[in-house]
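Colleague: One structure, pasted below without further comment.
The values are calculated or read from the model by the stated rules, or taken from the named source; none is laboratory data. Since we're looking at a predicted model, the values are computed, not measured. Please note: Cβ atoms are built from the backbone with ideal geometry, for glycine as well, and neighbour counts cover all protein chains shown. Quick note on the areas: whole protein, heavy atoms, side chains included, nothing else; ligands and nucleic acids left out. Shrake-Rupley method; radii C 1.70, N 1.55, O 1.52, S 1.80 Å.
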Amino acid sequence: MASAQSSFNVFFTFLLVSTFHLGFSFSALQENHSNGTYSGQINSNSVLVALLDSHYTELAELVEKALLLQTLEDAVGKHNITIFAPKNEALERDLDPEFKRFLLEPGNLKSLQTLLLYHVVPNRINVSHNSSLQHHSTLSRDGVKLSSQESGEKLIDSAKIIQANAVERPDGVIHGIERLLIPRSVQQDFNNRRSLQSISAVKPEGAPEVDPRTHRLKKPAPPAKPGSAPVLPIYDAMAPGPSLAPAPAPGPGGPHHHFNGEKQVKDFIETLLLYGGYNEMADILVNLTSLATEMGRLVSEGYVLTVLAPNDEAMAKLTTDQLSEPGAPEQIIYYHVIPEYQTEESMYNAVRRFGEISYDTLRLPHKVLAEEADGSVKFGHTENSAYLFDPDIYTDGRISVQGIDGVLFPLEEKEKSETKKEIKSVKVAVKPQRRGRLLEVACRMLGTFGQDSHFTTCQ
């Protein structure tokens, strides 16, 4: 009975201390919030959490890509905010594809941040009150105007508010709008970039070509639209030899480079180094070969690539004989590059549906085999295979990097070498059986004297 009483006293003392600390922490948090200081932690009932969990998924995804979560957390810690959220259809279907590509390019991160902060006002706005019908300053330091029409509809700039007070939280409110708000500075940046792309030096044209069938001049091909897929296959745009010379003619994308391929390749190589475990792959691309430059040129012309990157443990198993031959590193890497854009999800769904998939590689005519194994994707054949080890290390819509745990080699080369050995052995076995006419006459003469048994060639 005494032990039970002492245990109860200890538990009651612990409960009092915990309650005291908890009350002190809550009062300190309220004091920090009233003084304007912010600890950096967001309540689960915050408007930012509601935005990430709401049906405005496209806007939430852009906020994460623009690295604005910390900025919005700081704004919520200081005051209430109002978010004007465009509907998903406005960002998926109604937005100009060229303008969307402009926003998602890594070099235009500042424009994307300005555009998204243009939708956030650092105070709580109740659109139903007429007192709110005025100009409001946004987090991008640009002003937006809230107005009303005769029909009673509310407008933010020229966008209609289709769902007022869609999400309400103690620290902010979200209003649904019909389309994206574009500040004047972002529109100007986009127009400048588009006008610079249309400017190009005048290049001399070759002699006109005559069609041998009609004996008339061939009509020039229509100009390709910016961002359209290349007309020629990727193998026609590759360099004539591994890292020996550039392509003999401009790429199929024409004189305009619609993508900054060199910057994208540099970005994915830096991602490999920061990810860790793929230093050997990055060293081969940059130092041992000029494949990084060639891949950047291909991406600039509009081609897409998927790189199966072996990790450092797999690259360490390569022997000196496999790397010493001229052009061997290039041929190894060419077999690990697929001229398609594939992610871990797309490849896994394909092998789950079709069983086995053969992907083309830059090493013609060899293909790499993919199949489902142990809930993942396995590449290569049974003797020489590798598993998808680190999925989606880098994906930007043009280049996809998938980490694998082995170095792949084409199976056809082994089969050809084995068939050559078999042919040589057959030739060597047949050769001693051939006898000339002079040898047959000599054996017949020796047979008349009974001496042919002493010579093996006459038996």
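Colleague: Listed residues Ser151, Ser140, Ser111; which is under 27 Å from Asp396 (Cβ atoms) and outside any helix (DSSP H, G or I)?
Modeller: Details: Ser151 fails: under 27 Å from Asp396 (Cβ atoms); Ser111 fails: outside any helix (DSSP H, G or I).
None of the others qualify; the one that does is Ser140.
Colleague: Identify, please: which residue in segment 94-105 is assigned to a helix (DSSP H, G or I) and modelled with pLDDT of 85 or more and is, among those, most open to solvent (accessible area, probe 1.4 Å)?
Modeller: Step by step, filter segment 94-105, then rank; the result is Arg101.
Colleague: Here's something else I'd like to know. One residue is enough: does segment 337-344 have a residue meeting the conditions open to solvent by less than 20 Å² (accessible area, probe 1.4 Å), within 21 Å of Pro106 (Cα to Cα), free of Cβ contacts under 8 Å to residues at least 60 places away in the same chain and among the hydroxyl-bearing types (Ser, Thr, Tyr)?
Modeller: The answer is no, given that none of the residues of segment 337-344 is open to solvent by less than 20 Å² (accessible area, probe 1.4 Å), within 21 Å of Pro106 (Cα to Cα), free of Cβ contacts under 8 Å to residues at least 60 places away in the same chain and among the hydroxyl-bearing types (Ser, Thr, Tyr).
Colleague: Could you please find all residues in segment 145-157 being open to solvent by less than 70 Å² (accessible area, probe 1.4 Å), under 39 Å from the mean Cα position of the chain (by Cα) and without any contact (Cβ under 8 Å) to a residue 40 or more places away in the chain?
Modeller: Leu155, Asp157
Colleague: So which of Leu109, Leu139, Leu181 is closer than 16 Å to Lys87 by Cβ and among the aliphatic types (A, V, I, L, M)?
Modeller: Residue meeting the stated conditions: Leu181.
Colleague: Cβ contacts < 7 Å: first residue closer than 23 Å to Tyr359 by Cα, restricted to segment 302-321; second residue of a type in the set (Lys, Arg) and surrounded by 14 or more Cβ atoms within 10 Å (Cβ to Cβ), any location; separation 6+ or different chain. Result?
Modeller: Val304/Arg398
Colleague: Please go through (1) assigned to a loop (DSSP other than H, G, I, E, B); (2) of a type outside the set (Val, Ile, Thr); (3) open to solvent by 40 Å² or more (accessible area, probe 1.4 Å) for Asn349 and return the number of the only condition it doesn't satisfy.
Modeller: Failed condition: (1).
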